Amino acid sequence: MTEITAPKSPVTAEQFADEIREQLKYTQNVTPEQATAADVYVAASKAVRNHLADAWFKTQADTVNGDTKAVGYLSAEFLMGKQLENALLNAGLTEQFDAAVEALGFQPKDIVDAEYEPGLGNGGLGRLAACFIDSLASLGVPAFGYGIQYKYGIFKQTFDENGKQVETPDYWLTNEEPWGHIDYNRDQKVSFGGEVVEENGKKVWKPAWSVRAVPVDYLVPGYKSQRVNTLRLWTAKSYDEFDLLAFNKSEYLDAVKPQVKAENISKILYPEDSTKVGKELRLEQQYFFVSASLHDAIRVFYPGEAKPDLTTFPNKITFQLNDTHPVIGIPELMRILIDEYDYDWDTAWGITQKTFNYTCHTLLPEALEVWPASLIGELLPRHLEIIKKINEQFEDELKDKGVADETIERMRIYTGDAVRMAYLATYGGSHVNGVAELHSQLLKDVTLKDFSDAYPDKFTNVTNGVTPRRFIKLANPGLSDLITEGLGTDKWLSDLDLLQGLVPLAKDDEFVKKFAAVKQANKHSFVAFAKQHYGIDVDENTLFNTMVKRLHEYKRQSLKILLVISQYAALKKGEVSAEEILPRTVFFGAKAAPGYYLAKLTIELINNVSKVINNDPDVKGKLAVHMLPNYNIEMAQNLIPATELDEQISQAGKEASGTGNMKFALNGALTVGTLDGANVEIREKVGAENFFLFGMTVDEVEKLYADGYDPAKYYEADPRLKQAIELVANGTFSNGDRNAYAPLVADWLTKDWFMALADFSSYADIQAQIEKLYRDPLEWNRKALLNVANSGYFSSDRSMEDYLERIWHTGPLAD
Ligand code: 26Y
């Protein structure tokens, strides 16, 4: 047995340089003279990984041998961002790295930049998973992230000459990827299809085909915690490389078919979010990673045991279902317990219900996954049987509770031809949570109302959070230093509530000026970043106003672009005098799902509005608009710290939480936003006077839907809005082509499902307040600083503490 030692003691810069040289020599096989930045990046990454190895082994051993329940975070997405800088920070090796790399003749930034960002997620849900595992490791809580190592992450976005989004595959594994270790010896078999037969009174699943799930392990180092957790992403391999028979008949393409079919499972990340895609491959992906992960957990916690006592399973690990994507895990654990380990139904159900909890990340009914029963039956026949039985038991339980028949009808998990995954998750686990106060309330009152009536105790809230290590310390070193100076300690990085200590400093004009200088420096840096990456010229003496997030109608990028157009029109008409003009640069960043027509048309519109405005000498220096391509974590880390005004303008009741809003507030941007998602709590924390609120409330939205919404009425009523839409309709942004945006215009005027038009006037009106405040830099920055000081609550460390207390009922490993 290997001795489990404490983590390696810190190294000097010289030692670290030697370690990099060694990696260059033995793994990259280049001399330091031959080495490029890409070589040094791989070598340094491997050296850091080696530094973490002992702490990783120790964490694993303590996790398995101790009696602290671990957390298994099951997620189809982990949007990690670049790893090297973060690993250095958490391992306490940043200074050694900087000096070592310089000794080797490189700039640290070039080495860090050589990393290719893995895009294994779509947006908020995937990034949240990444923040959560960072926080769990930092808190010292034993945890496993379980997901899929997609070969192709979220597509790379470019724009064609007409401003249309073009999606290109993101083959992020083109070059050596030093972080993931593929562990062929810890593989799992995952099977599909076939039929269920009865043998000796027992149901036996005879699958038709299987794939080999091979784990790729990523280390998740905690910040100053000496703990290193595991992110285990599964990749699919074929058991049959070649079908020899077919090959001998020289049908080469047919011969590799099984391999292609198997490996397809982990090939691509579906780029849809918020609109469900009922694709067979997606269900295969879900089952693939969940089945492998559950078996893996049994392997980890009951090593070598042929007949483990799995009644203890829920004491070993609690599984969080990150939205409905891993919910097939509920029937899968039932199947494992009953078919593979011979437990009776009731025992299996007890274990299963105790093991799982479900987080819902949406309010859009169309984002709740529903699978055709026929598809589940074909792909996972045994699971369909189990789901039917779960549904029967569920209906009986509801009857016993005295729930009315028509309510039971509405609540059915299995409807006869479909399986509702959110309902299965709600019934099949112990707790259900939304991701912000308002969202959790709406889940109880609307989306899952019947369930909350029947099982009120299951429902709880955990407001999202973001990791301050990546999103303040790494993204905004200037602000980090200032915070540390202001507080006299850097402990805030592990206890973000300490930011409160900055509140009194908002009264200190000198400190506020320092804060303003940091923001200006960040703007300056972003100007260089934008020039380098996008080839654009940005004027740093303008208000930096940003809207970055997925492109979706409910998020209302169209509301923002209509406002920009109206501001442009006012400037053109000379309605604003030279003294009144507040120069602004508006940044958008957003990917649209490839099949989402209106979203893609909105991107095209923004690009063409940008072209017209940026090339119009009449508004030069007053208004500029940039649609930045390929919004990703790296862009977020550069743009958020430079932003002064953040847009969070979704229709009230539609954005479950938002996490960008938290990152902006923590980086000293003021928010203009609606009373939606976590905006509500952000406004409460930072103070209503430090937040630009506009628009309808959830109740007002509901009432307007009920009364019958007619967007044309709003169009007629506000000349600013009317003018903006007319400019889109009359071809101003399409070289006179009146058809170019006709579908968007028609949608605005006749449907406008998310009521952008109804909120336009209040949104336009509040701009005067924003501009007035911005003209007083000291006051603006005072409020921005108060946003930072009062946003400590939005640390993902706090989110984790809430999950630990309300849902997981576990905690850190003993030291
Ligand atoms: C079913 C499939 C197409 C699907 C794939 C991805 C459905 C949803 C998603 C992703 C959803 C998502 O990212 N939701 C966001 O989660 C964040 C973290 O909780 C929230 O802050 C944000 O409001 C929500 O839109």
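Figure legend. Inter-residue proximity from region 758-775: first residues acidic (Asp, Glu), second residues part of a helix (DSSP H, G or I) and modelled with pLDDT of 95 or more, beta-carbon distance below 8 Å, spacing 6+ or different chains. Indicated pairs: Asp759/Leu559.
Per-residue answers, yes or no, for (1) crowded, with 24+ Cβ neighbours inside 10 Å; (2) within 26 Å of the chain's Cα centre (by Cα):
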site: Thr12; (1), (2): no, no
site: Glu19; (1), (2): no, no
site: Tyr26; (1), (2): no, no
site: Gln34; (1), (2): no, no
site: Ala47; (1), (2): yes, no
site: Trp56; (1), (2): no, yes
site: Ser75; (1), (2): yes, yes
site: Leu79; (1), (2): yes, yes
site: Leu89; (1), (2): no, yes
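Considering region 55-88, the residues that are of a type in the set (D, E, K, R) and over 19 Å from Lys354 (Cβ atoms) include one that is nearest to the ligand (Cβ to nearest atom), namely Glu77.
As a summary of the residue check, Trp179 satisfies the conditions (1) more than 30 Å from Lys491 (Cβ to Cβ); (2) in a loop (DSSP other than H, G, I, E, B) except for the one numbered (1).
Quick check on region 225-242. Is at least one of its residues in contact with a Lys or Arg (Cβ under 6 Å, 6 or more places away or on another chain), exposed (fewer than 15 other Cβ atoms within 10 Å of the Cβ), over 25 Å from Asn50 (Cα atoms) and of a type outside the set (Ser, Thr, Tyr)? The answer is no, given that none of the residues of region 225-242 is in contact with a Lys or Arg (Cβ under 6 Å, 6 or more places away or on another chain), exposed (fewer than 15 other Cβ atoms within 10 Å of the Cβ), over 25 Å from Asn50 (Cα atoms) and of a type outside the set (Ser, Thr, Tyr). Is region 540-560 home to any residue that is exposed (fewer than 15 other Cβ atoms within 10 Å of the Cβ), out of contact with any strand residue (DSSP E or B) (no Cβ under 8 Å at 6 or more places or on another chain) and within 16 Å of Gly621 (Cβ to Cβ)? Yes, because at least one residue in region 540-560 is exposed (fewer than 15 other Cβ atoms within 10 Å of the Cβ), out of contact with any strand residue (DSSP E or B) (no Cβ under 8 Å at 6 or more places or on another chain) and within 16 Å of Gly621 (Cβ to Cβ).
In region 267-296, of all residues being of a type in the set (S, T, N, Q), at pLDDT 90 or above and within 16 Å of the ligand (Cβ to nearest atom), the one that is surrounded by the most Cβ atoms within 10 Å (Cβ to Cβ) corresponds to Gln285. Checking every residue in region 702-723 against the condition of being aliphatic (A, V, I, L, M), over 33 Å from the mean Cα position of the chain (by Cα), assigned by TED's automatic domain parsing to the domain that holds Trp780 and closer than 30 Å to Ala665 by Cα gives at least one match.
Condition check ((1) of a type outside the set (A, V, I, L, M); (2) at pLDDT 95 or above; (3) in a helix (DSSP H, G or I)) across all residues:
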residue	(1), (2), (3)
Trp371	yes, yes, no
Ile387	no, yes, yes
Asn391	yes, yes, yes
Glu395	yes, yes, yes
Leu398	no, yes, yes
Glu409	yes, yes, yes
Leu424	no, yes, yes
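Taken over region 461-485, residues that are over 21 Å from the mean Cα position of the chain (by Cα) and either crowded, with 22+ Cβ neighbours inside 10 Å or of a type in the set (S, T, N, Q) (or both) amount to 4.
None of Phe301, Phe288 is hydrophobic (A, V, I, L, M, F, W, C) and over 30 Å from Val370 (Cα atoms) except Phe301. For region 748-768, a residue qualifies if it is surrounded by fewer than 19 Cβ atoms within 10 Å (Cβ to Cβ), out of contact with any Asp or Glu (no Cβ under 8 Å at 6 or more places or on another chain) and not polar (S, T, N, Q), and the qualifying residues are Leu749, Lys751, Asp765, Ile766, Ala768. Take Pro372 and tell me if it is assigned by TED's automatic domain parsing to the domain that holds Val446 and either more than 16 Å from the ligand (Cβ to nearest atom) or within 17 Å of Thr426 (Cα to Cα) (or both). Judged against the criteria, Pro372 is not a match.
Gln157 meets the conditions (1) under 27 Å from the mean Cα position of the chain (by Cα); (2) closer than 30 Å to Thr27 by Cβ; (3) at pLDDT 95 or above in every case but one. The failed one is (2).
Name the helices (runs of 4 or more DSSP H) wholly within region 427-489 that hold at least 2 residues that are at pLDDT 95 or above and away from the ligand (no atom under 16 Å from the Cβ)?
449-454, 477-487
The values are calculated or read from the model by the stated rules, or taken from the named source; none is laboratory data. Quantities reported herein were computed from a predicted structural model and do not represent experimental measurements. Reconstructed Cβ throughout: ideal geometry from the backbone, glycine too, with neighbour counts over all protein chains shown.
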